[in-house]
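These notes are about the structure you will find just below.
The values are calculated or read from the model by the stated rules, or taken from the named source; none is laboratory data. Bear in mind that the values here come from a model prediction, so they are computed numbers and not experimental data. Glycine also receives a Cβ, built like all others from the backbone with ideal geometry; neighbour counts cover every protein chain displayed. Ligands, DNA and RNA are excluded from the accessible area calculation, which covers all protein heavy atoms including side chains. Shrake-Rupley method; radii C 1.70, N 1.55, O 1.52, S 1.80 Å.
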Amino acid sequence: MSSIIERHPDHFHLKAGGASYILHVVNGKYLAHAHWGAPLLTWQGANAPRFVDRSFSANPAGSTDRTFSLDALRQEYPGYGRTDFRSPAFEVQLADGSTAVDLHFVSATVVSGKPVLEGLPATYVRDPAEAQTLQIVLSDPLSALTATLTYTAFQNYPVVTRSVRFTNAGRQSLTLRRVLSFSLDLEGEGYRWLQLSGAHVRERQVVERPLTAGTVSVESRRGASSHQQNPFVALLSGRADEDAGEVFGFNLAYSGNFLAQAEVDQFGITRIQAGINPFDFAWKLEPGQSFQTPEAILAYSGNGLGELSRTFHRFYQNQLCRGPQVFQERPILINNWEATYFQFDQKKLEAIVEKAQPLGIELFVLDDGWFGHRDNDKTSLGDWTVDTKKLPAGLEALADTVHAKGMKFGLWFEPEMVSADSDLYRAHPDWCLHVEGRDRSESRNQLVLDLSRPEVCRSIIDSVTKILDGGKIDYVKWDMNRHLTEVGSAGRGADRQRETAHRHILGLYEILEVITTRYPQILFESCSGGGGRFDPGMLYYMPQVWTSDNTDAICRLEIQWGTSLAYPPVTMGAHVSAVPNHQVHRITPLKTRADVALVGTFGYELDPLSFSEAEAREVSQINAWYKAHRAVLQFGDFYRLKSPFEGKGNTAWMTISRDKTRAVLFYYQILAQPNAGQVVLRAKGLDPGRTYRVEGDGVTGSWSGAELMGVGLRLPDLRGDFQSLRLSLYS
Ligand code: DGJ
């Protein structure tokens with residue numbers, strides 16, 4: 001095997017499947033960036049930037065060379081106060097209060113494979129031959145603070161992952177105030193910045209803007225990665241679009257407060273960075289102690305956003321998501337939330353199961369309301385014992401009934417939270433995040449358990465384990481329904497209170513590690529009021545996520561499109577719900593609702609007892625179609641054809657099996673237009689030399705892949721608003 005990371009006398013060349021990342025040491029001290037993007041065979045440095053006298057950019061101490069300033073150098077992990085005035089990657093306060101710190105190159109090693117990031121979610125290799133890792137040690141000569149920069153380059157993906165470990169090798173304590181996971185100085189002008197922003201029930205809308213001088217950022221201060229901003233951003237070079245041009249994607253494997261930003265400096269260099277949000281963060285390092293940042297994932301595409309997304313999709317399926325469920329076909333589920341909310345009893349649930357099973361539904365999920373005396377959202381979080389008023393025979397009996405039908409049984413939890421009205425809170429009022437002497441803000445009538453405390457984590461593990469040890473649960477929906485306020489922890493010293501938000505996330509990860517590895521047979525789906533924690537951190541533990549509490553098919557087009565920029569469709573929970581839709585009150589046809597949900601991990605979120613005979617027949621057919629196509633849908637390559645964010649919002653996408661012998665294509669019409677032109681839709685990703693038989697919704701015929709991609713498919717006219725087409729392609 002040729003090496004993935006080449007160590008040359010004057011530079012390091014990371015050859016990550018179809019992309020090159022090159023860094024070098026300047027003046028024997030400074031770790032500088034040379035190139036990220038197009039694959040190179042060699043780098044001669046012929047194009048290295050010229051040093052020129054830059055007024056108002058100081059030359060670093062010890063040098064009288066007026067042409068050299070860190071302010072004009074493309075750096076790999078810049079500090080502050082030593083001649084670079086741009087946004088630093090880290091900030092540290094030393095024992096004397098000073099913050100001017102320099103990290104100089106000390107050493108570099110290359111190892112095969114990828115070391116584990118202790119206590120944090122991260123991408124991984126199954127075989128050390130899949131990747132190589134470069135570890136570069138930098139150190140501040142004065143304080144002896146060291147930073148080990150870790151770069152892993154993957155053999156089969158144009159992906160480099162980065163993280164940093166700080167160690168206080170000095171004799172005095174110091175405080176880390178900013179510890180971003182990476183910093184990258186890109187040359188080239190005219191980048192566009194793309195972010196995924198939104199709100200609860202409106203997650204991950206695509207927002208794009210040109211970068212000009214100054215700083216653009218997205219961040220979360222909510223204690224969760226959030227519905228509002230996602231820790232994925234991309235830079236599109238000048239003319240790049242879905243299918244062409246250079247695109248750089250950045251994602252952070254972290255589920256808490258984050259910052260992602262781009263600063264265009266005075267010389268047109270774009271510095272892009274991401275990591276734990278420095279806002280309200282500080283971390284004390286005693287001599288000998290270390291701090292590990294989360295991992296950032298950097299991906300490159302020379303062929304537009306579509307290819308970037310497919311890289312992320314494959315990479316996350318193969319190198320991030322874990323457990324035996326990842327490559328198993330996901331079952332069709334029915335969840336009782338929108339069917340009953342809190343008002344159900346055993347009889348009602350059994351009736352749902354009874355009705356669902358013959359329709360081909362494979363998994364019944366009991367949502368919120370089964371424990372304590374939770375008849376509404378004001379009570380009982382923390383008391384994870386079954387409510388025998390609703391389920392007199394207990395959970396296990398219900399699970400047995402479901403299993404007897406040949407279906408699987410799933411259960412909802414929200415273990416990170418506590419209601420003031422709960423035995424847990426009455427016993428441990430100091431177990432929630434709070435600030436001594438200050439009253440506690442509630443959200444959805446609940447408080448957040450303080451996961452920065454090990455005893456709280458242990459208690460959560462115990463209470464969830466008690467239920468899961470019954471052995472009757474095949475699926476868990478792990479929910480989290482509020483953001484963090486009064487982020488303080490009882491008993492923690494004043495000098496460490498600002499560590500709480502990150503310690504809380506570390507506690508969460510520890511809980512998830514224990515639970516998900518203890519029950520590998522359980523399929524876990526994470527949720528935070530829908531898609532409030534759709535990030536690589538959560539995907540490491542749970543291979544699917546409830547994409548949004550918004551189940552309206554039309555809103556879902558935008559939400560799922562935006563989500564697909566970074567995350568594979570198989571990770572997106574997508575359900576058919578009743579009409580009028582509970583979130584936006586829109587009425588859409590059952591077929592359209594199904595055609596949107598079929599693209600994710602498919603299911604229902606409604607009362608099947610309300611189906612007419614015709615609807616029940618249609619649902620059976622949809623389920624049979626899904627079972628025949630789900631291997632392609634869940635594990636194929638996803639191509640976006642027509643964006644809901646453009647024109648009149650009509651949308652199209654398709655999925656193709658890896659061997660290109662099968663595909664499914666969906667088209668959605670939002671509003672019918674009078675006397676409109678015909679729609680000719682060009683496919684993507686097919687094998688041009690193959691002939692494909694196209695079937696479904698009024699289309700039958702055979703065409704070559706070349707014709708379907710180069711000329712396109714003339715779609716039948718759709719009558720009415722909110723209509724859809726579902727086509728199968730076979731070769
Ligand atoms: C928020 C989730 O996103 C919903 O699907 C549902 O599980 C509710 N919580 C239950 O409280």
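The figures follow:
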| read-out | value |
| --- | --- |
| Two-decimal ratio, region 93-179, of alpha-carbon radius of gyration to 2.2 N^0.38 Å | 1.27 |
| Listed peptides 239-247, 2-10 by packing density, highest first (mean Cβ within 10 Å) | 239-247, 2-10 |
| Charge context of residue 433, other residues only, Cβ under 9 angstrom, K/R +1, D/E -1 | -1 |
| Full-extension gain in nm, residue 458 to residue 212, via 0.36 nm per residue minus C-alpha separation | 83.7 nm |
| Net charge, residue 235 excluded, C-beta distance under 14 Å - Lys, Arg +1, Asp, Glu -1 | -3 |
| Length gained when the stretch residue 266-residue 721 is fully extended (0.36 nm per residue, less Cα-Cα span) | 158.8 nm |
| Estimated inter-spin distance, residue 465 and residue 404, nm [label 7 Å along Cα→Cβ] | 3.2 |
| Where 455, 187 fall by accessible area, highest first, once all protein chains stay in place (1.4 Å) | 187, 455 |
| Most to least packed among 646-653, 290-297, 697-704 [average Cβ atoms within 10 Å] | 290-297, 646-653, 697-704 |
| Alpha carbon centroid spacing (whole Å) that separates region 367-434 from region 574-591 | 28 |
| Estimated 222 nm signal from helices in the chain, with DSSP H stretches of n ≥ 4 weighted -39500 (n - 2.57), rounded to 500 | -5500 deg cm²/dmol |
| Links that overshoot a 19 Å alpha carbon limit, given the list 378/408; 378/472; 408/472 | 378/408; 378/472 |
| Alpha-carbon gyration tensor eigenvalues x 5, square-rooted, for region 469-616, Å | 34, 18, 14 |
| Protection-proxy order for peptides 142-150, 57-65, each taking the mean of Cβ atoms within 10 Å per residue, highest first | 142-150, 57-65 |
| With DNA, RNA and ligands ignored, accessible area of residue 582 (1.4 Å probe; Å², nearest 10) | 70 |
| Binned Cα-Cα distances of region 641-730, short to long, each 10 Å bin given as a whole percent | 17, 52, 26, 5, 0 |
| Difference of contour (0.36 nm per residue) and Cα-Cα distance, residue 682 to residue 714 | 10.6 nm |
| Modelled FRET efficiency - R0 25 Å, residue 441 with residue 199, Cβ distances, 0.05 increments | 0.85 |
| Accessible area of residue 671 in the full protein assembly, 1.4 Å probe (Å², nearest 10) | 90 |
| Percent of alpha-carbon pairs separated by more than 15 Å within region 115-159 | 55 |
| Using a Förster distance of 60 Å, the FRET efficiency for residue 54-residue 126 (Cβ separation, nearest 0.05) | 0.80 |
| Solvent exposure ordering (accessible area, 1.4 Å, most first) of 322, 209 | 209, 322 |
| Furthest towards positive pole of dipole, 73, 301, 279, structure part region 5-319, Cβ charges | 279 |
| Net charge of Cβ neighbours under 10 Å - reference residue 684; Lys, Arg +1; Asp, Glu -1 | -1 |
| Cα-projected label distance for residue 628 with residue 427, points at 7 Å along beta-carbon direction, nm | 5.4 |
| Calculated diffusion of region 5-319, Stokes-Einstein form, Kirkwood radius summed over Cα pairs, 25 °C and 0.890 mPa s, µm²/s | 124 |
| Approximate spin-label separation residue 587-residue 187, in nm, with each point projected 7 Å along Cα-to-Cβ | 6.2 |
| Region 86-132-region 693-708 distance, computed between alpha-carbon centres (Å) | 51 |
| Computed magnitude of the charge dipole of region 558-671 (debye, nearest 20; Cβ of K, R +1, Cβ of D, E -1) | 360 |
| Distribution of pairwise C-alpha distances over the chain, 10 Å bins, in % | 3, 14, 24, 25, 19, 11, 4, 1, 0 |
| Sites residue 378 and residue 95, calculated FRET efficiency, Cβ-Cβ separation with R0 45 Å, nearest 0.05 | 0.40 |
| Kyte-Doolittle mean at least 0.0 and Cα axial length at least 20 Å: DSSP H helices in the chain | 454-468, 500-518 |
